[in-house]
Amino acid sequence: MRTTGTGMIAVALMAAAAVLIGADQGPTDGPQYTKDGKLTRPPNYREWIFLSSGLGMTYGPLASPGDPRFDNVFVNRAAYRGFLETGRWPDQTVLVLEVRSSQSKGSINRGGHFQDEVAGVEVHVKDEKRFPRKWAFFGFREGEQASTAIPATAGCYSCHEQNGAVDTTFVQFYPTLIGVAKAKGGMK
């Protein structure tokens, strides 16, 4: 079969459009799982949307009796865009809590606190088809690349369900999202 010049141009345009559509969608930034159902640690979460940082708010196994720890919260881009539209977290939301130790003396700093080493990473995932409660928690130890869900009987579930401002999340501590949640009716 012989293709005319016009036919070749049409094929080239369709191929270019398919590439552009695929490039616009990009790879998913939602939760990724291993074949045996473990959540893989989001590799590039520091490139996601930074929501907030707290000092001394750490509780549970990552709490420190000494210097207060920093909590940094990141969310995947697709979930952030969905939240801005609706005031609620869409399915496939991934929130990463990066807990870091603090230092108070270093370089020119003598009084305040600054962030130091990663003490742990916890992940809060909304996956409505996978989890009966829609949301699940995961903890990643140093160097761990996959984790099973924390059992649904753990205290984090009931605490988040009772105290979360939007769904089971602590939006009340994310100042850039409080107004959105209130305006869109997502705030409890």
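Residue by residue, here is whether (1) more than 23 Å from residue 34 (Cβ to Cβ); (2) in contact (Cβ under 8 Å) with a residue 24 or more places away in the chain; (3) surrounded by 14 or more Cβ atoms within 10 Å (Cβ to Cβ); (4) under 19 Å from the mean Cα position of the chain (by Cα) holds:
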{"site": "117", "(1), (2), (3), (4)": "yes, no, no, no"}
{"site": "124", "(1), (2), (3), (4)": "no, yes, yes, yes"}
{"site": "128", "(1), (2), (3), (4)": "no, yes, no, yes"}
{"site": "165", "(1), (2), (3), (4)": "yes, no, yes, yes"}
{"site": "168", "(1), (2), (3), (4)": "yes, yes, yes, yes"}
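The residues of the range 103-138 that are at pLDDT below 95 and touching a strand residue (DSSP E or B) at 6+ places or on another chain (Cβ under 6 Å), listed by number, are 103, 113, 114, 115, 116, 117, 118, 119, 120.
Within the range 21-72, restricting attention to residues that are within 19 Å of the chain's Cα centre (by Cα) and of a type in the set (Val, Ile, Thr), the residue that is modelled with the lowest pLDDT is 58.
In this structure, is residue 55 in contact (Cβ under 8 Å) with a residue 60 or more places away in the chain and either under 26 Å from residue 185 (Cα atoms) or of a type in the set (A, V, I, L, M) (or both)? Criteria not met by residue 55. With the structure loaded, tell me whether residue 36 is charged (D, E, K, R), in a loop (DSSP other than H, G, I, E, B) and exposed (fewer than 14 other Cβ atoms within 10 Å of the Cβ) or whether it fails that test. Yes: the conditions hold for residue 36.
The values are calculated or read from the model by the stated rules, or taken from the named source; none is laboratory data. Everything numeric in this text was worked out from a predicted model, so none of it was measured. Reconstructed Cβ throughout: ideal geometry from the backbone, glycine too, with neighbour counts over all protein chains shown.
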